[in-house]
Amino acid sequence: MNNTIYDTIVIGAGQAGLAAGYHLQQAGLRFVILEASDEPVGSWPHYHDNLALNSPARYSSLPGLPFPGDPNRYPVRDEVTAYLRHYATHFKLPVITKAKVLNIEQTGKLFRVLVAGRGCYLARTIVAATGFFHHPNIPILPGRDQYRGRVLHTAAYHTPEPFHGQRVVIVGGANGAVHIGMELAQVANVTLSTQRPIRYLPQNLLGQDIHFWLRLTGLDNRQWLGEKSMLVYDSGEVKAKIAAGRPDQKALFQSFTPDGVMWSDGHREKVDAVIFGTGYRPHLPYLAGLGALDETERVLHQRGVSTTVPGLYYVGLIRQRSVASTTLRGAGVDAQVVVKHLRRYALAQQASGGRSITHKAHAWAIRSSEWAGLITMMRLALKEQHNTSPRLVGEALVRSAVVSAGFLGLGSATRLYSTFESGNW
Ligand SMILES: Cc1cc2nc3c(=O)[nH]c(=O)nc-3n(C[C@H](O)[C@H](O)[C@H](O)COP(=O)(O)OP(=O)(O)OC[C@H]3O[C@@H](n4cnc5c(N)ncnc54)[C@H](O)[C@@H]3O)c2cc1C
């Protein structure tokens, strides 16, 4: 048993955990990052061999350290792994590797984190940043049990070689499925079998990568796509190749047969392998005893703040706060938002010696920011009084009153939002 009481324990040292670590360090909090594997690089080494990022290097950095090299290139998998490894050492983040978290329970106001082979760690708050890659989603399709061919998820796909000359069906029409389909179509006869038509997002627009525009318009920081709406990045090649049938695209097959699939028109076809590019599902078994998940294992949260367990936070959840939440470029922003929230909570806990003051501390922090806004505006008005003719003073004071009212309104709205956000605090 480690007797140190950390402000925070981060679980997982992928990009989400490292970004959280950066902001925790900036906030001056005492924390440690527990990582199950033997290095702080997340799931990147396990992704398929020819994976290249869909955002250029300039839009693929974690906070505080630009991605090295030509900012306009699209880095490949191993470059991302090297970048993450370097990130952890560059900022001397306190990562403990080979530390798999088995369970978390609450004792009073502290979290007790049980780590395989290492005993327990104690913390005031938790950031769960364990990603989703280790829990692929494979839907149950009719006839699956009778099919004798090979079935796998894209998570288990590495190179096209084992499929040379084969008939392959890929289920799914999002980026992962489509890009593996493109690669496989060079050596195999491939069909993308999709529930709905594939929708494309131009990789380049008016001479700029699409991420330039997403950032400029603020869209990257919002939830503007429905949960099931996936857009496939394309610089023209993907659409053209699919139109040419390499790979081709069909509606989702009706069922498996013993040696293949039956298409929606009733045609049966022999198929060597079916690859599911059907995404991932959150899987956080170590939180099961805390009441943080619903009965279907979905995380109960608002923008990364648990709505049922005070002091529990997340980074890297699918669409946690914006469309970019599960990307390299989005991890830093989400981590910053969460750490801001967490810091207030942890410091209040620390000051109270662990007594339950969370809601009051929270309300106090918001009210004091309202007063700070009000005082700043009054000071500005007084300053204006010295610089302008006396007849404009009244106007300045009215303006300041209006803006101050805005601050108070904003404060109230924030308070309402925070109450909603923090559930039963
Ligand atoms: C095929 C594919 C392609 C992608 N392409 C892009 C792209 O082009 N651009 C982009 O920005 N994003 C891309 N992503 C999305 C995203 O950036 C990655 O999935 C990224 O790895 C997510 O980072 P993470 O830190 O949330 O999770 P992970 O990278 O999965 O890291 C989680 C860490 O938690 C550890 N862990 C898990 N359980 C425990 C436990 N119980 N105790 C302790 N440690 C634990 C794991 O060992 C792991 O190191 C892609 C994802 C996939 C699957």
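The values are calculated or read from the model by the stated rules, or taken from the named source; none is laboratory data. Because the structure is a prediction, the values reported are computed rather than measured. Virtual Cβ from ideal backbone geometry, glycine too; neighbours counted across all protein chains shown.
Within the stretch 6-16, which residues are within 6 Å of the ligand (Cβ to nearest atom) and either modelled with pLDDT under 95 or not aliphatic (A, V, I, L, M) (or both)?
Looking only at the stretch 6-16, we keep the residues that are within 6 Å of the ligand (Cβ to nearest atom), and these are 11-16.
Of everything in the stretch 6-16, those that are within 6 Å of the ligand (Cβ to nearest atom) and either modelled with pLDDT under 95 or not aliphatic (A, V, I, L, M) (or both) turn out to be GLY12, GLY14, GLN15.
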Given (1) more than 10 Å from the ligand (Cβ to nearest atom); (2) surrounded by 15 or more Cβ atoms within 10 Å (Cβ to Cβ); (3) β-branched (Val, Ile, Thr), number of the condition ILE140 does not satisfy: (2)
Members of the stretch 174-210 found to be more than 26 Å from the chain's Cα centre (by Cα) and assigned to a loop (DSSP other than H, G, I, E, B), listed by number: ALA185, GLN186, VAL187, ALA188, LEU206, GLY207
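Considering each of VAL80, VAL101 in turn, give the residue that is β-branched (Val, Ile, Thr), touching a residue at least 60 places away in the same chain (Cβ under 8 Å), farther than 25 Å from THR296 by Cβ and surrounded by 16 or more Cβ atoms within 10 Å (Cβ to Cβ). Break it down into steps so the answer makes sense when it comes.
Numbers: VAL101 fails: farther than 25 Å from THR296 by Cβ.
Of the residues listed, the single one that is β-branched (Val, Ile, Thr), touching a residue at least 60 places away in the same chain (Cβ under 8 Å), farther than 25 Å from THR296 by Cβ and surrounded by 16 or more Cβ atoms within 10 Å (Cβ to Cβ) is VAL80.
Look through the stretch 17-72, keep the residues that are of a type in the set (A, V, I, L, M) and near the ligand (Cβ under 6 Å from one of its atoms), and return whichever of them is surrounded by the most Cβ atoms within 10 Å (Cβ to Cβ). Before you say what the answer is, go through the steps one by one.
Filtering the stretch 17-72 down to residues of a type in the set (A, V, I, L, M) leaves 18-20, 24, 27, 29, 32-34, 36, 41, 51-53, 57, 62, 65.
From the residues that got through so far, the ones that are near the ligand (Cβ under 6 Å from one of its atoms) too are 34, 36, 51, 53.
Numbers: LEU34: 23, ALA36: 17, LEU51: 18, LEU53: 20.
Per the criteria, the residue is LEU34.
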First in the stretch 43-62 and more than 24 Å from THR97 (Cα to Cα) and assigned by TED's automatic domain parsing to the domain that holds VAL333, second anywhere and within 9 Å of the ligand (Cβ to nearest atom) and aliphatic (A, V, I, L, M), Cβ under 7 Å, 6 or more apart: LEU53/VAL80; SER60/LEU53; SER60/LEU328
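Report, by residue number, each residue of the stretch 275-322 that is in contact with a Leu (Cβ under 9 Å, 6 or more places away or on another chain) and of a type in the set (A, V, I, L, M, F, W, C). Reasoning before the result, please.
As a first pass, look at the stretch 275-322 and keep what is in contact with a Leu (Cβ under 9 Å, 6 or more places away or on another chain): 275-277, 282, 284-287, 290-294, 297, 299-301, 304-309, 311-314, 319, 322.
Residues satisfying the conditions are ILE275, PHE276, LEU284, LEU287, LEU290, ALA292, LEU293, VAL299, LEU300, VAL305, VAL309, LEU312.
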Filter result (assigned to a loop (DSSP other than H, G, I, E, B), modelled with pLDDT of 95 or more and within 21 Å of PRO56 (Cα to Cα)) within the stretch 310-345: GLY316, THR327
Neighbours by Cβ (under 6 Å, 6+ apart or cross-chain): first from the stretch 130-153, more than 27 Å from GLU39 (Cα to Cα) and assigned by TED's automatic domain parsing to the domain that holds THR257; second among the aromatic types (Phe, Trp, Tyr) and surrounded by fewer than 12 Cβ atoms within 10 Å (Cβ to Cβ): none
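Pull up the stretch 158-172, narrow it to residues that are assigned to a loop (DSSP other than H, G, I, E, B) and surrounded by fewer than 23 Cβ atoms within 10 Å (Cβ to Cβ), then point me to the one that is nearest to the ligand (Cβ to nearest atom). Outline the logic, then answer.
Residues of the stretch 158-172 that are assigned to a loop (DSSP other than H, G, I, E, B), as a first pass: 158-160, 164-166, 172.
Then keep just the ones that are surrounded by fewer than 23 Cβ atoms within 10 Å (Cβ to Cβ); that gives 158-160, 164-166.
Numbers: HIS158: 11, THR159: 14, PRO160: 15, HIS164: 22, GLY165: 25, GLN166: 21 Å.
Out of the qualifying residues, it is HIS158.
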The stretch 280-292: number of residues that are under 17 Å from THR125 (Cα atoms) and not hydroxyl-bearing (Ser, Thr, Tyr): 7
Filter result (out of contact with any Pro (no Cβ under 9 Å at 6 or more places or on another chain) and within 22 Å of LEU214 (Cβ to Cβ)) within the stretch 56-94: SER61, LEU62, PRO63, GLY64, LEU65, PRO66, VAL76, VAL80
Residue identified as within 23 Å of SER325 (Cβ to Cβ), outside the structural domain of LEU300 (by TED's automatic domain parsing) and crowded, with 20+ Cβ neighbours inside 10 Å among LEU184, LEU192, LEU214: LEU214
